[in-house]
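Heads up, the thing below is written out as structure tokens.
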Amino acid sequence: MDIFDAGVGRRADLEIELKAGWGDDATAGRVIAQHTDRWLVAPAVPGEPSLRQARGRLRQSQDGPPVTGDWVALDAEGAIAGVLSRRGSIVRRAAGGDGEGQVLATNVDLALVVESLPDPNVRRAERFAAIAAAGEVSAALVLTKSDLDPEGGATAVLLGASGAGKSTLANALLGEDRQATGDLRADGRGRHTTVGREMLALPGGALLIDTPGLREVGLWDGAVSAFDDIEAAAAGCRFADCAHDTEPDCAVLETIDPERIEAWRKLVREERRVDPARRT
Ligand SMILES: Nc1nc2c(ncn2[C@@H]2O[C@H](COP(=O)(O)OP(=O)(O)OP(=O)(O)O)[C@@H](O)[C@H]2O)c(=O)[nH]1
Ligand SMILES: [Mg+2]
Ligand SMILES: [Zn+2]
């Protein structure tokens, strides 16, 4: 087995939970495969995974045996002594439906739900996404086999600040270094390397437009429509010209997250700077 760096998925408080639960002699490992009564465990530092056994009581515990993705505590003899708390699990209701769930994977941050073109099954994708959501895992939909879809080939556009890495990403998707990319300045920001807007044909059939980064996010009419919840809430304010600032009975202040209000204010200020006549 090759060296496997389980530390990539390591979380900050791992050691604290490990020592508190299993003592100073315990070490952490991550289950990277399950076999019957044996688990392939990678150490929390880069190293070679090895097959481990689990202590008997663990095999009967109510969380069930360790599963792929689990962080486990290894005791002084190198056996799995316990399973650390799970964050983000994909749980399938066991066949037969006796209510017991089967944990398919755990400690996952993102579920990639895969459907194939040209006929993705939307209902099924929704069920997979719901399973992910139930386990507190974010989900993204991946559509494969775009080559089989006569209507594949969407046109995408890269937007972002200069130096964000748009052209680097375009080159990665192209599979060749077509777009010039900028040297990183000491402050980590780019220097307006891309000067025109250019459409590129990606190997998968999609089109991608690379654009020069904007020094400040460009301002456009209607950007505030991304904040229509604020506009909707404003209908409930006592004063028709409420600035949602210090006014009494302000429905915006009462119902909208202050950080969101601040983001909206910032955008409105910027729109005014561009078009002083605008009073949204
Ligand atoms: N460390 C690191 N650097 C990256 C990554 N992606 C891009 N860069 C670097 O960021 C710098 C700017 O990348 P570009 O792709 O030219 O950025 P851009 O968004 O196209 O910039 P403009 O064309 O000026 O709008 C280059 O030095 C890249 O090598 C990344 O994932 N990691
Ligand atoms: Mg660029
Ligand atoms: Zn108000």
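Remarks
- Every residue from the range 194-214 that is open to solvent by 50 Å² or more (accessible area, probe 1.4 Å) and at pLDDT 85 or above: Arg197, Glu198, Met199, Ala201, Pro203, Leu207
- Cross-chain or 6+ apart pairs with Cβ under 7 Å, the range 230-245 first and of a type in the set (Phe, Trp, Tyr), then near ligand 3 (Cβ under 9 Å from one of its atoms) and assigned to a loop (DSSP other than H, G, I, E, B): Phe239/Glu247
- Residues of the range 2-41 classified as open to solvent by less than 50 Å² (accessible area, probe 1.4 Å) and aromatic (Phe, Trp, Tyr), total: 1
The values are calculated or read from the model by the stated rules, or taken from the named source; none is laboratory data. Just so you know, these numbers come straight off a predicted model, no measurement behind them. Reconstructed Cβ throughout: ideal geometry from the backbone, glycine too, with neighbour counts over all protein chains shown. Side chains are part of the model used for accessible areas, which takes the heavy atoms of the whole protein and leaves out ligands, DNA and RNA. Shrake-Rupley method; radii C 1.70, N 1.55, O 1.52, S 1.80 Å.
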